[in-house]
Amino acid sequence: MQAFEQCHGLKHGYVGDYIFLMGLFVSASKDVEMLVENRIIENWLPSNEEVVQLFYNLNKQNGVGGRTFLFEGLIEDLNAFYERPWNKWKANLKQNYFNTPWATLSVSAAVILLILTVLQSVCSILQVV
């Protein structure tokens, strides 16, 4: 399909643009693992490394330049999302501190206990005054 699209000089190269986009997303076997876990792609090849090699080899002969890239807006949106500090902090917290339900539960319990302790201190101060 990629060769047909390139040989006929179509106005929009849907297949070539998709292959280029997937080549941006898939640069290591860990990327493939994440995409498969989130059911974005299906891997029917023996290993994740072979999927990386597949997209690398397909992109070698891919002629994306010279016309409009269909997914340009998507890439700009993804980069803008990535650059927001709040999203970086949220991802960092989720990956490093709240990676299990027990971690989330323990932090929630600690926050509730802290609020109750402050409330008890305020009540004790008001009772004395």
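The set of residues in the range 26-83 that are within 12 Å of the chain's Cα centre (by Cα), more than 19 Å from V15 (Cα to Cα) and part of a loop (DSSP other than H, G, I, E, B) contains only N38. Of everything in the range 89-109, what is open to solvent by less than 90 Å² (accessible area, probe 1.4 Å), closer than 30 Å to M34 by Cβ and among the aliphatic types (A, V, I, L, M)? Give them in sequence order. A91, L93, A103, V107, listed by residue number. Scanning the range 1-32 for residues that are more than 22 Å from N79 (Cα to Cα) and among the acidic types (D, E) yields one hit, E5. Take L93 and tell me if it is farther than 15 Å from V26 by Cβ and more than 18 Å from the chain's Cα centre (by Cα). No, not satisfied.
The values are calculated or read from the model by the stated rules, or taken from the named source; none is laboratory data. Only a predicted model underlies this, so the values are computations on that prediction, with no experimental measurement involved. Neighbour counts are summed over all protein chains in view; Cβ atoms, including those assigned to glycine, are modelled from backbone coordinates with ideal geometry. Note: areas computed on protein heavy atoms with side chains; ligands, DNA, RNA excluded. Shrake-Rupley method; radii C 1.70, N 1.55, O 1.52, S 1.80 Å.
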